[in-house]
Amino acid sequence: MDDGVAFASLDLDSPDRFVALRRALGVTTFGLNLILLRPRQQGRIHRHERQEEVYLVLEGTLTLAVEGEERELAPGELARVAPAVRRRLLNRGDELCAVLAIGSAHPHEGRDGLAYDSWEATEGRPPQETPLPADLP
């Protein structure tokens, strides 16, 4: 594979509550962490100076408290929290709650991708100008 590609796997059986993934993959532009909350565990109330965060629930049910108001998130649901907003992650359930946390402090630059019609193509176009390929048989 290419030098610009790295692989990792999520260890939902890790004894750690906070598993840093960014370094394992060599990510330098955003934070990426796995948060594992056992039944009845909760994190600190916290906020950030510049970093917004997105939480993606992988397993269990996350209770996300935002400025004291709680909302439950099921597997596959996401929440975005602005930097200055105080939040706490809680597991009120009886099973593991696994959450992927993604954070960044740099403004998004918008669409900068290029798409190609084939592996042989040498010039790309904006993805919205490139048709989706046919489904696999």
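The values are calculated or read from the model by the stated rules, or taken from the named source; none is laboratory data. Everything quoted here is computed from the prediction, not taken from an experiment. Glycine gets a Cβ as well: all are built from the backbone with ideal geometry, and neighbour counts include every protein chain shown. Surface areas here come from the heavy atoms of the whole protein model, side chains and all, with no ligands, DNA or RNA. Shrake-Rupley method; radii C 1.70, N 1.55, O 1.52, S 1.80 Å.
Measure out, as a whole number of angstrom, how far apart the alpha-carbon centroids of the range 119-137 and the range 1-69 sit. Result: 32 Å between the Cα centres. Given G110, T29, P39, which one lies farthest toward the positive end of the charge dipole of the chain, if we put +1 on the Cβ of every Lys and Arg and -1 on the Cβ of every Asp and Glu? Going by the Cα projections, it comes out as P39.
Applying both filters, DSSP loop and at most 11 other Cβ atoms within 10 Å, to the chymotrypsin sites (Phe, Trp or Tyr not before Pro) of the range 1-59 gives F7.
Counting only protein heavy atoms and a 1.4 Å probe, tell me what percentage of the range 77-137's accessible area is made up of carbon and sulfur. Could the numbers behind the result be given before it?
Numbers: 2640 of 4790 Å².
Of all accessible area on the range 77-137, carbon and sulfur atoms account for 55 percent.
Per residue of the chain, the DSSP helices (runs of n ≥ 4 H) give a summed -39500 (n - 2.57) that works out to -500 deg cm²/dmol at 222 nm.
Normalised Debye scattering of the chain at q = 0.15, 0.20 Å⁻¹ gives log10 I(q)/I(0) of -0.87, -1.17, counting only Cα atoms as equal scatterers and leaving out solvent.
With a cap of 13 neighbouring Cβ atoms within 10 Å, and only residues DSSP puts in a loop, list the GluC sites (Glu not before Pro) found in the range 58-137.
Working: sites: E59, E67, E69, E70, E72, E77, E95, E109, E120, E123, E129; in loops: E67, E77, E95, E109, E120, E123.
Here the GluC sites (Glu not before Pro) that fit, given the DSSP loop and packing criteria, are E67, E95, E109, E120, E123.
Once the 1.4 Å probe is applied to the protein heavy atoms, the chain comes out at 74 Å² accessible per residue.
Mind running the shape call on the range 1-55? Use the C-alpha gyration tensor, a ≥ b ≥ c as the square roots of the eigenvalues: rounded below 1.5 for a/c, prolate if a/b tops b/c, oblate otherwise. Cα axes put the range 1-55 in the oblate bin.
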